[in-house]
Amino acid sequence: MGTNARVKPLVCMLQMPRYFFNVMNDVKSMDFEGRELPDLDAARVEALKDVEDILRSHFATVGNNWTKWSIEICNRDGDVLLVVPFSKN
């Protein structure tokens, strides 16, 4: 390897994937920032925390009808990797 050869920094090679969490109900609320997480399982855990937070903060306005609500977990390209429903109904 010559002295002018370009080598990718190790930091770039170890960068975690970014996941986007779009809240779905009658409309789609897009996540444009996303979060860097180690894998899809970690993203699922984060989505479940988001569901709990949303249920807690919006329960009075929505009541028990959460059947249309979900969180889409997407990759950087916008591909849906997993859908986390708000209720099991």
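The values are calculated or read from the model by the stated rules, or taken from the named source; none is laboratory data. All values derive from a computational prediction rather than experimental measurement. A quick note on method: Cβ atoms are made from the backbone with ideal geometry, for glycine too, and the neighbour counts reach across all protein chains shown.
Applying the condition of being farther than 17 Å from Val27 by Cβ and part of a loop (DSSP other than H, G, I, E, B) to the range 79-89 and asking which residue is modelled with the highest pLDDT yields Asp79.
Conditions tested, residue by residue: (1) at pLDDT below 85; (2) assigned to a loop (DSSP other than H, G, I, E, B); (3) on the phi > 0 side of the Ramachandran plot; (4) not basic (Lys, Arg).
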residue: Gly2; (1), (2), (3), (4): yes, yes, no, yes
residue: Glu46; (1), (2), (3), (4): no, no, no, yes
residue: Lys49; (1), (2), (3), (4): no, no, no, no
residue: Glu52; (1), (2), (3), (4): no, no, no, yes
residue: Phe59; (1), (2), (3), (4): yes, no, no, yes
residue: Ile71; (1), (2), (3), (4): no, no, no, yes
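In the range 26-44, how many are modelled with pLDDT under 95 and within 19 Å of Gly78 (Cβ to Cβ)?
Here the count works out to 3.
For the range 20-68, name all the residues that are in contact (Cβ under 8 Å) with a residue 24 or more places away in the chain and either β-branched (Val, Ile, Thr) or touching a His at 6+ places or on another chain (Cβ under 9 Å) (or both). Selection gives Val23, Val51, Ile54.
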